[in-house]
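Asker: Can you keep this structure in mind? I'll have questions shortly.
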Amino acid sequence: MAMLAELVDGVIGVDPHRDTLTAAAVSHLGGVVAQLATSSADAAGYRQLFDFAQTQLPGRRCWAVEGAGSFGAGLTVMLQQHGERVVEVGRPKRPASRSGAKSDALDAVRAAREALGHDRLATPRRRGQREALGVLLRTRRCATLARVAAIGQLKALLVGAPEELRAELRGQPTSRQIDDCARLRPRPTRSLEHQATVRALRATAQRIQLLQAEADQLQAELAVLVGAVAPWLLEVPGVGPLSAAQVLVSWSHAGRFRSEAAFAALAGTNPIPASSGQVTRYRLNCGGDRQLNRAHTILLVRLRIDPDTRAYMARRTAEGKSRRDAKRCLRRVLARQLFRLLERYDRPGVEILRAT
């Protein structure tokens with residue numbers, strides 16, 4: 001595969017921040033053609049940056065934007081609307097020297113040169129419906145994490161609560177403890193410690209209930225949106241609204257991945273050699289998109305409800321693989337199936353593949 005330097009006349013490297021943008025035009029050989037001092041991160045700044053690129057690199061060019069999904073999102077959308085080629089680069093590597101120089105201008109140059117040296121570049125995710133799913137997913141995830149933290153706080157309060165309160169709530173399921181604590185009322189005849197503990201337990205339990213209601217509401221909205229964007233994905237055995245939404249967000253759009261193997265690597269389902277001596281084995285990749293990797297819940301559901309998946313598992317274990325290795329193979333098969341469906345999702349009559 002050809003390097004980017006062989007395909008373009010130059011690269012515009014951009015180091016975006018919340019309020020500023022710094023750019024550098026770099027030739028295909030890596031030499032700095034020109035630099036643009038800090039411009040504003042708004043429509044006027046985007047236009048100034050675009051004019052700079054047309055002046056300095058009027059031919060074949062590519063944009064290397066650091067953080068295209070965060071501080072560089074607005075610029076990326078504008079460039080894509082104008083038909084510009086945009087790739088996303090990670091945080092530029094710092095010089096090996098401890099006293100290496102650091103500035104926004106240098107970071108812009110490093111971003112451009114890093115893009116020139118690669119043949120496999122990340123394309124920014126598509127916004128619109130995919131971004132709508134993404135913001136709902138992230139908000140629900142935050143609500144869920146806050147709920148888990150609040151439950152831990154409630155348990156800690158119960159451990160140190162006065163014995164009378166602990167006796168009332170001890171041994172109950174967590175859901176029952178939350179409901180009972182949310183209904184606690186002050187008891188003026190009790191000690192100050194008892195009254196304060198009651199208030200703390202009630203406030204914490206009510207917060208848990210509010211966070212659970214928020215998460216349920218967001219999940220319902222995600223289900224509606226996924227049903228409108230890709231209802232066929234919900235027909236795949238084991239795929240629910242949350243898993244489908246995460247798959248759509250991570251995949252983004254057709255053509256973003258060069259192959260299904262690249263998608264499997266992002267999902268953390270590609271096999272990594274882990275052989276030693278006379279033992280030949282593979283393990284799962286621990287990298288990639290960790291949120292997409294959490295879609296292994298699809299596998300767990302399919303093992304419970306899908307006969308074909310269970311048959312595949314039995315066949316692999318009969319071949320001598322451990323149950324862990326068989327699950328690794330099954331995750332790889334699942335990633336391949338999902339990728340094939342995603343790449344042709346807009347075609348009528350899509351056949352739902354199964355793990356056979």
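Asker: About the Cα centre, and with charges only on the beta carbon of Lys, Arg (+1) and Asp, Glu (-1), how big is the dipole of region 232-300? Nearest 20 debye, please.
Answerer: 220
Asker: Once you charge only the Cβ atoms, +1 for Lys and Arg and -1 for Asp and Glu, what is the size of the charge dipole of region 1-154 about its Cα centre, to the nearest 20 debye?
Answerer: That gives region 1-154 a dipole magnitude of about 720 debye.
Asker: Here's something else I'd like to know. Hey, what did region 1-69 get for relative contact order, percent, Cα under 8 Å, at least 6 apart?
Answerer: Reported as a whole number, the value is 37 percent.
Asker: So what is the calculated 222 nm ellipticity per residue for the chain, using -39500 (n - 2.57) for each DSSP H run with n of 4 or more, over all residues, to the nearest 500 deg cm²/dmol?
Answerer: It comes out at -17000 deg cm²/dmol, rounded to the nearest 500.
Asker: Still on this structure, please answer the following. What dipole magnitude, in Debye to the nearest 20, does the chain give about its Cα centre under +1 on Lys/Arg Cβ and -1 on Asp/Glu Cβ?
Answerer: For this selection, approximately 1440 debye.
Asker: For Kirkwood radius over Cα pairs in Å, pick the label among [x] 21.6; [y] 24.3; [z] 22.7 that corresponds to the value derived from the coordinates.
Answerer: The value matching this structure is [y].
Asker: Tell me, what HN-Hα J-couplings in whole Hz come from the Karplus equation 6.51 cos²θ - 1.76 cosθ + 1.60 at θ = phi - 60° for each residue of region 172-183, using x for Gly and Pro?
Answerer: 8, x, 4, 4, 5, 4, 4, 5, 5, 5, 5, 9
Asker: Note the angle between two axes, namely the Cα long axis of helix 241-251 and the longest principal axis of the Cα atoms of the chain, as a number of degrees from 0 to 90, rounded to the nearest 10.
Answerer: Computed tilt is about 20 degrees.
Asker: Taking +1 at the Cβ of each Lys and Arg and -1 at the Cβ of each Asp and Glu, which of Thr204, Ala64, Ala41 sits farthest along the dipole of the chain towards its positive end, judged by Cα position relative to the Cα centre?
Answerer: Looking along the dipole axis, the top candidate is Thr204.
Asker: Considering the options Pro273, Leu242, Leu284, tell which one lies farthest towards the positive end of the dipole of region 214-319, charges being +1 on Lys and Arg and -1 on Asp and Glu at the Cβ, about the Cα centre.
Answerer: Final value for the positive-end residue is Pro273.
Asker: Could you tell me how many degrees, from 0 to 90 and to the nearest 10, lie between the Cα long axis of helix 104-116 and the main elongation axis, the longest principal axis, of the Cα atoms of the chain?
Answerer: Rounded to the nearest ten degrees, it is 80.
Asker: Which one, Ala167, Thr139, Gln177, is farthest towards the positive end of the dipole of region 129-229 when Lys and Arg carry +1 and Asp and Glu -1 on their Cβ?
Answerer: Ala167
Asker: For region 88-194, which trypsin sites (Lys or Arg not before Pro) pass both filters: DSSP loop (anything but H, G, I, E, B) and at most 13 other C-beta atoms within 10 Å?
Answerer: Here the trypsin sites (Lys or Arg not before Pro) that fit, given the DSSP loop and packing criteria, are Lys93, Arg98, Lys102, Arg120, Arg170, Arg183.
Asker: Let me ask another. Relative contact order, percent, of the chain when contacts are C-alpha pairs under 8 Å separated by at least 6 residues?
Answerer: Here the relative contact order equals 12 percent.
Asker: What do you get for the angle between helix 307-318 and the principal long axis of the chain? Use alpha-carbon atoms, 0 to 90 degrees, nearest ten.
Answerer: Helix 307-318 sits roughly 80 degrees off the main axis of the chain.
Asker: So for region 234-343, averaging the separation of alpha carbon pairs under 8 Å that are six or more residues apart and normalising by length, what relative contact order in percent results?
Answerer: 33
Asker: Ok, one more. Can you list residues whose amide H is under 5 Å from Tyr282's amide H, if they're 5+ apart or on another chain and H is modeled 1.01 Å from N?
Answerer: Ala274
Read-outs throughout are calculated quantities, based only on the coordinates presented, and are distinct from any laboratory measurement. The shown structure was predicted, so the numbers you read here are calculated from the model rather than taken from an experiment. Cβ: placed from backbone, ideal geometry, glycine included. Neighbour counts: every protein chain shown.
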